[in-house]
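The values are calculated or read from the model by the stated rules, or taken from the named source; none is laboratory data. Please read these numbers as outputs of a predicted model, since none were measured by experiment. With ideal geometry, Cβ positions are generated from the backbone for all residues, glycine too; neighbour counts draw on all protein chains shown. These accessible areas exclude ligands, DNA and RNA; they are computed on the full protein's heavy atoms, side chains included. Shrake-Rupley method; radii C 1.70, N 1.55, O 1.52, S 1.80 Å.
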Amino acid sequence: MTPHGEQICYTDAYAHRVEATVRSVDTGDGALVVLDRTVFYPGGGGQPADRGTLLRTADGRTWTVRSARKVDGEIAHELEPAEANPPRVGDVLTVDIDGARRLALMRTHTALHALCGVVWRDYGALVTGGNMEPGAGRMDFEFERMSGDLVDAIESKVNEELRSNREVRVDGLPRDEAFRIPDLIRTKINLLPPGIDEIRTIEIIGLDLQADGGTHVANTSEVGALRVTGYESKGRINKRIRIELVDPV
Ligand SMILES: [Zn+2]
């Protein structure tokens, strides 16, 4: 593994801005810019990548970053294709994400983990996938007996948990240790690539523990309440629950 730039999103989800230096620029249809540090989240685990801007300190020139993604372990910032003359290697930039959008994604992501925690604890149903946008998301479960009545009960139980001011903790575990924790095995850490030695975990203390690369709020009280907006069958066993935040911003 080559040493990569500092990836602040994984240690401080609330950091929205940082000064950085350009390490490489891959020009093309939407240039890819790699920095020595960044606050951008590159997407993954159902959470979309951040959007934002790069501002060059020397002359105030700004570029719009429409997305970010991992390229060879680095977080690459994808500029709008219309942006001519991307920044150059060595340029000093102020890196800014759309903070309101990120915070909505953090709250939504934590809400979805609370949903998983309740569905596992009370119904023993495994999560098989999920996706989100700011303020709304969906989770898929192996949940044969799901029904409208159960979904109503799940909504109120999740909201009760969110109101309980539960701390949300980011941690890292050696891979072999992670494989001994039943709660982590249920979220299919066996699907993680073998090259990963440390498993990043997100724990809603007392409710849910998952291997996860996303950004989360520090306490469930920051999520507010959610409402279930729909549920559907994706087969006899696989069911989907859709949620949204009551106060999306
Ligand atoms: Zn997650």
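Grab the beta carbon distance between Val89 and Thr62, set R0 = 22 Å, and tell me the FRET efficiency rounded to 0.05. Don't skip to the answer; put the middle values down first.
Details: r = 18 Å, r/R0 = 0.83.
Between Val89 and Thr62 the formula returns 0.75.
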Original post:
So how much slack lies between Glu6 and Asn219, counting 0.36 nm per residue of separation and subtracting their Cα-Cα distance, in nm?
Top reply: 74.2 nm
Subject >> Leu103 accessible area, assembled protein chains, probe 1.4 Å, Å² >> reply: 70
**OP:** Pull out the extension gain between Asp247 and Asp183, defined as 0.36 nm times the separation in residues minus the alpha carbon to alpha carbon distance; nm, one decimal.
**Re:** 20.0 nm
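For Glu80 and Asn238 in one chain, what is 0.36 nm times their gap in residues minus the Cα-Cα distance, to one decimal in nm? It would help to have the intermediate numbers written out before the result.
Details: separation 158, 0.36 × 158 = 56.88 nm, distance 3.80 nm.
So the chain would gain 53.1 nm between Glu80 and Asn238.
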**OP:** Compute the FRET efficiency between Asp36 and Val151 as 1/(1 + (r/R0)^6), taking r as their Cβ-Cβ distance and R0 = 51 Å, and round to the nearest 0.05.
**Re:** 0.60
Subject >> Glu198-Val71 pseudo-label distance in nm [points 7 Å out on the Cα-to-Cβ vector] >> reply: 2.6
Subject >> ³J(HN,Hα), Karplus 6.51/-1.76/1.60, whole Hz, each residue of the stretch 215-221, x for Gly, Pro >> reply: 9, 9, 6, 7, 8, 4, 4
**OP:** Pick out, from Val89, Thr64, Leu103, the residue whose Cα sits farthest towards the positive end of the charge dipole of the stretch 1-107, with +1 on the Cβ of Lys and Arg and -1 on the Cβ of Asp and Glu.
**Re:** Leu103
Subject >> Order of exposure, largest accessible area first, which applies to Thr38, Thr11, Thr229 with probe 1.4 Å >> reply: Thr11, Thr229, Thr38
